[in-house]
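The values are calculated or read from the model by the stated rules, or taken from the named source; none is laboratory data. Nothing here was measured: the structure is a model prediction, and the numbers come from that model. As a convention, Cβ positions derive from the backbone with ideal geometry for all residues, glycine included, and neighbour counts pool all protein chains shown. Areas reflect the complete protein model, heavy atoms only, side chains present, ligands, DNA and RNA absent. Shrake-Rupley method; radii C 1.70, N 1.55, O 1.52, S 1.80 Å.
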Amino acid sequence: EMLAARAPPTSGEPTEEDALKHLRLSEVGLLFATVSLHDAELGRTWQAEIKEARVQPTAAGVRGRIFARLVAGDAIANLSLLGQYAAVSDTLAADVSLANFSPRALVGLTPELAPLAQVDLTLTTTTQVTLTRGALTQITTDTTATGGAVTLTTEMAARLGLPEAAAQRLAIRSLTLKGGADVPTSMVALERFALELADGQEIIAPAPISH
């Protein structure tokens, strides 16, 4: 049962108020539902087709899980989210997995994300994040991509302080990125980075490297 209630012994029939006072929530669940969020300012509608969403109280806090399909325009991604909150340490740990995710779907949310329009890749990624007292403390990610392209425009090159000759488009056969960061110590660990270009592709590295 998702809801369990216990009422104390009474001399007469228990009232609705009596039942609510002794309600014990064991789990809240949502199955096969659709949730839509419309951003009037951006003129964009996000839709989540939820297969399963559950939240359960625990002795230490709360845990939950969500399995859904996210839809924004023509972009579709499968989402899996597992999370656990510990009240004593005020810590939230979550595992977020996205399959068939296109970074282009995030373009338009904020001006800072506009460069993602140049990332024509479909990603499968699993990210673990830890927040303590509302601040991000740790993050790890394991991301792969197969097929697509990444473009560095002349405008982006200029913003990065690179010469115009660095601008290029790379057709990519596969990409693997695995690593993490400890935010309080500013430590970043890169466990694996592998990039396989499509046939005939070259990476242009202008002077002073000139390769």
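Remarks
- For the range 40-175: relative contact order, % (alpha-carbon pairs under 8 angstrom, 6 or more apart): 15
- Electrostatic dipole magnitude of the range 147-194 [Cβ: Lys, Arg +1; Asp, Glu -1; Cα centre; debye, to 20]: 200
- Of the trypsin sites (Lys or Arg not before Pro) found in the range 128-170, the ones in coil according to DSSP and having at most 12 other Cβ atoms within 10 Å of their Cβ are 133.
- Selection from 170, 122, 198 lying farthest towards where the dipole of the range 102-203 points positive, charges on Cβ: 122
- 67, 101, reordered so the largest accessible area comes first (probe 1.4 Å): 67, 101
- Fully extending the segment from residue 187 to residue 127 would add 19.9 nm, taking 0.36 nm per residue of separation and subtracting the current Cα-Cα distance.
- Qualifying GluC sites (Glu not before Pro) in the range 115-211, where qualification requires a DSSP coil assignment and no more than 15 other C-beta atoms within 10 Å, comprise 202.
- For residue 30, solvent-accessible area (1.4 Å; no DNA, RNA or ligand), Å²: 80
- Per residue, the solvent-accessible area of the range 108-211 (1.4 Å probe, heavy atoms of protein chains only, all protein chains present) comes to 65 Å².
- Theoretical FRET efficiency, 1/(1+(r/R0)^6), r = Cβ-Cβ of residue 170 and residue 76, R0 30 Å, to 0.05: 0.75
- The GluC sites (Glu not before Pro) of the range 26-118 meeting both criteria, a DSSP state outside H, G, I, E and B (loop) and at most 11 other C-beta atoms within 10 angstrom of the site's C-beta, are 41.
- At R0 = 45 Å, FRET efficiency that the Cβ-Cβ distance of residue 59 and residue 178 yields, to 0.05: 0.85
- Pairwise centroid distance, computed over Cα atoms, of the range 120-170 with the range 74-110, Å: 16
- If R0 equals 25 Å, the separation of the Cβ atoms of residue 158 and residue 45 corresponds to a calculated FRET efficiency of about 0.15.
- Most positive-pole-ward Cα, 161, 135, 149, against dipole of the range 118-211 from beta carbon charges: 135
- With each label modelled as a point 7 angstrom along the Cα→C-beta vector, the residue 146-residue 95 pair spans 2.2 nm.
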